[in-house]
Amino acid sequence: MASSIPKTSWADDVDELDPRNEDFVDENGIRTVIEYTINDEGKKVKITRRIKRTLQKSIVEHAVAERQKWTKFGAEKGNKPGPDRATTTVGENVSLKISAGNKAGESEPAPEENVKAQLSRAGAGKVVCRLCKGEHFTAKCPYKDTLAGLETTENGGGDDDTHEPAAPAASSGGKYVPPSMRGPGGARTAGVGSTREELPTLRVTNISEDTHEQDLRDLFGRFGRVTRVFIGRDRETGAGKGFAFVSFDDRAAAQKAMDKVHGMGYDNLILSVQWSHVNIKTWRSRGILALVNAITSIENNDQPPLLVTYAIPCLLSSPMPDKQVMHSHCDSVPLIIVDGFLGGAGTNLWGDFERFLNQSCDKSRRVIFASVGPVSSLHDRACELYYALCGGTVDYGEEHSKIYGHSRHGRAHSKGLYPQWSRQRPLHFLGHSTGGPTILKLQFLLKRRYFAPDDHPDMILSVNTISSPFRGTQLVYALGERTDAAPAVRPLSVGSLIAKGVHLVTYFSPFLPRAFDLHAECRSLSFRDLPFIDWLRQLWSSDWAESRDATPFDVTFEAADERESNAEGRVHPRTYYRSHVASMTSNFVFDLSSAPLSSLCTIPLYLMSWAMTTFDFTSLNPIPSFLINNSPTLPPSWYTLSHVEEGLASKEVSVEHRTNDGIVPVFSQWHPFPCTLTRCIHETSLEFQKPEAGVWYVSQREEATHVSFVPWWRGTTQQKAFWERMGRWLRAVDDAYFGQLGL
């Protein structure tokens, strides 16, 4: 039998290990590395590795790419940038995924949770707290200390906290009696549930129509547990009526919420928070129901002490003891606020004025800020104000838009700020600076039925103005308007710089925040509508700023005379008028000591006041009507510019024409038309006067500037007193209006 030939290995043919390893790259770019070594069993082995390099590109952060280019240091100093394969192993990126179900990080369930799980498996239902209705045991309730009193009240306890625990009700017929129906000693009583009158409830007014219940819960929930939120809504449209009731389980939390939220800006409105008033009719009806239940309990030989003590005060139209009630007979008409030139910040600047506005009235007055074009003409601002309140697309009028070369329609308002505005539901208006003439322009257009056939000037119940330039101001000429060719603007003047800033903001308006909204959609001046080269031309010479359809021209003496010639600003017999006049100078010679220097922001006012005080009225052409009316010798038709130059020296101009608040002369703040052509009463004291419709009431304050009262809220004594007087005035107008209606 032939002997078997043993199998041989290539390693047996190699007597010695080749100390040199083979390393080469073939034509395909594959690198082959051959190594000879001895394994753990003492056998000779050959290890062959084939490596194919593939270039992979990845996008990394800029900082990562820059770090790879850093100069090396230490032992690697002088080597090329990047990792060295001989000393560095580059691995793959590992994404770290944190699992939400990490068992190691979970804590052991609490004993209470184990009991809940056992009850749930046993079919005992869900654990519900008797106090806050949460999913926990009553003994573990976090609100146990604050809600314990409410539980006692619901179970029949009064003010005395020494009542013994109620024994289980001895119900007849085996019927179950809920704990809320169990009286002292187990007697069955009619439970009195916790409604808005029992819980500390706040009445929140001046909220927007789009406010939802969850919004108020999020707003007030930070102060304590909110048990109930009710928002008044229209039954037909479902829109909010501007008020809501928020109930807390703790009166201290409700008080804290009222202190913090009252006067706070929310959704472009200033919230007003007061204690809720008890509805007497509801209180009486509940008292009757409680008395009937008490009589029924007496017939059944039950004990009715709680029901009797609850029913008697209800029938007497007074709340239960220690319930604070404020009886109010004030029906408040909403107040619309219109900002002036370059205004529009709204609640961001006006601050906590509403708290002082409502001091004379139990029910808070709704305050609405209407946004209009801050540099637009009075006509355009009046149109924007109308549609902002009523809703719809702004219509400037076909004839007006053709004359001044802009689109007829402007911004679309899907829902107005006060869509129910009508002759039967008028509004108060308050305008600062050019906001005052804007309101009068709106009333003029309403009288002409400019917007709708059923419009009427009675829709404006009162006009209240602060430092408004009804008859123009010489400051516009001092800043750049030409005295002989308005609305042309002098180059390299302050007015020219303001015009360039307006065009700059308008061009980039799609990217700017809401605070820079100029309502210029109808003029197509943004980068989306205006080529860049045309924008540069507008920067050099503005067609808008140098037109008669902008605010600068509307505050010239020429524009004011044109409005008076059209009977704009005539008092309406059923509208109440009041103007608040500020004066920081009292002499022809400008004197810094005649007005308070309260802050650095008033320094520009002093410079402008000096320019107004020293203004040369003889340079005006055409001649303003108030200069002609100053001379008693010749009729107005005889006057020309030469007559003014010869006969009207600066010293003959009235004091009121030079005295100013830094922006507007005093005589222009009074009212439209001279006093001889309108009905006016200039108040000489701070004593309150009963308002009369169709009369301008002028209240002048010395040592006050154009911004002393509004819009910047600083909480000064002057501001607080102003808003308190404003609240009393509006309250008196409301009483007079509703008195005429027999309400």
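One table, with the values for the structure above:
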{"quantity": "Segment 454-476, residues that are free of Cβ contacts under 8 Å to residues at least 40 places away in the same chain and either open to solvent by less than 10 Å² (accessible area, probe 1.4 Å) or in a helix (DSSP H, G or I) (or both)", "calculated": "ASP455, MET459"}
{"quantity": "Segment 556-579 - residue that is open to solvent by 20 Å² or more (accessible area, probe 1.4 Å) and of a type in the set (A, V, I, L, M, F, W, C) and, of those, nearest to HIS503 (Cα to Cα)", "calculated": "ALA567"}
{"quantity": "So VAL644, is it modelled with pLDDT under 85, open to solvent by less than 20 Å² (accessible area, probe 1.4 Å) and closer than 30 Å to ASN566 by Cα", "calculated": "yes"}
{"quantity": "Members of segment 674-720 that are of a type in the set (Ser, Thr, Tyr) and surrounded by 15 or more Cβ atoms within 10 Å (Cβ to Cβ)", "calculated": "THR678, TYR697, SER699, THR705, SER708"}
{"quantity": "Selection count where residues are open to solvent by less than 100 Å² (accessible area, probe 1.4 Å), part of a loop (DSSP other than H, G, I, E, B) and over 30 Å from ILE30 (Cα atoms), scope segment 54-71", "calculated": "0"}
{"quantity": "Test for HIS519: is it under 18 Å from SER547 (Cα atoms), open to solvent by less than 20 Å² (accessible area, probe 1.4 Å), in a loop (DSSP other than H, G, I, E, B) and in contact (Cβ under 8 Å) with a residue 24 or more places away in the chain", "calculated": "yes"}
{"quantity": "Condition check for PHE553: free of Cβ contacts under 8 Å to residues at least 60 places away in the same chain and either open to solvent by 20 Å² or more (accessible area, probe 1.4 Å) or under 23 Å from GLY435 (Cα atoms) (or both)", "calculated": "no"}
{"quantity": "Test: residue in segment 687-698 that is more than 21 Å from THR575 (Cα to Cα), within 32 Å of the chain's Cα centre (by Cα) and among the hydrophobic types (A, V, I, L, M, F, W, C)", "calculated": "no"}
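Matching residues to (1) in contact (Cβ under 8 Å) with a residue 12 or more places away in the chain; (2) buried (at least 19 other Cβ atoms within 10 Å of the Cβ):
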{"residue": "ARG411", "(1), (2)": "yes, no"}
{"residue": "SER414", "(1), (2)": "yes, no"}
{"residue": "TYR418", "(1), (2)": "yes, yes"}
{"residue": "ARG423", "(1), (2)": "yes, no"}
{"residue": "GLY436", "(1), (2)": "yes, yes"}
{"residue": "LEU445", "(1), (2)": "yes, yes"}
{"residue": "ALA452", "(1), (2)": "no, no"}
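The values are calculated or read from the model by the stated rules, or taken from the named source; none is laboratory data. This is a predicted model, so every value here is computed, not measured. Cβ: placed from backbone, ideal geometry, glycine included. Neighbour counts: every protein chain shown. The accessibility values were calculated without ligands, DNA or RNA, using every heavy atom of the protein model including side chains. Shrake-Rupley method; radii C 1.70, N 1.55, O 1.52, S 1.80 Å.
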